[in-house]
Amino acid sequence: MSNQAGTAGTLTVSDNAAGSPHTASLSGTGIAPVAGLSPTSLTFASQNVGTTSAAQAVTLSNTGTASLTITSITASGDFAQINTCVEHW
């Protein structure tokens with residue numbers, strides 16, 4: 001399945017039996033995780049060099065129809081990240 005929308009198709013078997021070709025209707029809906037971040041941008045106030053700013057939160061959500069597997073969370077540049085992950089069911 002290549003998408004989350006419903007899709008349809010046909011299975012066709014051609015052979016030397018009476019009634020060939022034989023067909024069966026196919027339908028299904030794909031499932032996939034859909035990751036989203038909120039907010040998608042953070043701005044930090046000016047700060048003295050060598051000090052740590054107040055933490056800001058970003059929420060990762062999965063609005064898809066399958067489990068989302070997190071493989072890593074990193075920050076780049078002069079920024080660091082901490083994980084205070086909470087599972088919401």
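The values are calculated or read from the model by the stated rules, or taken from the named source; none is laboratory data. Every value quoted in this text rests on a predicted model; they were computed, and no experiment measured them. Note that each Cβ is placed from the backbone with ideal geometry, even for glycine, and that neighbours are counted across all protein chains shown.
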Return yes or no: is SER20 surrounded by 10 or more Cβ atoms within 10 Å (Cβ to Cβ), assigned to a loop (DSSP other than H, G, I, E, B) and out of contact with any strand residue (DSSP E or B) (no Cβ under 8 Å at 6 or more places or on another chain)? no
Looking across segment 45-71 at residues that are within 30 Å of THR29 (Cβ to Cβ), of a type in the set (S, T, N, Q) and part of a loop (DSSP other than H, G, I, E, B), the single one that is modelled with the lowest pLDDT is THR71
Mind checking which pairs have a first residue in segment 22-36 that is within 20 Å of THR59 (Cβ to Cβ) and hydrophobic (A, V, I, L, M, F, W, C) and a second that is at pLDDT below 95 and exposed (fewer than 12 other Cβ atoms within 10 Å of the Cβ), Cβ under 6 Å, 6 or more apart or different chains? VAL34/THR63
PRO39 fails exactly one of (1) farther than 22 Å from GLN81 by Cα; (2) under 26 Å from the mean Cα position of the chain (by Cα), namely (1)
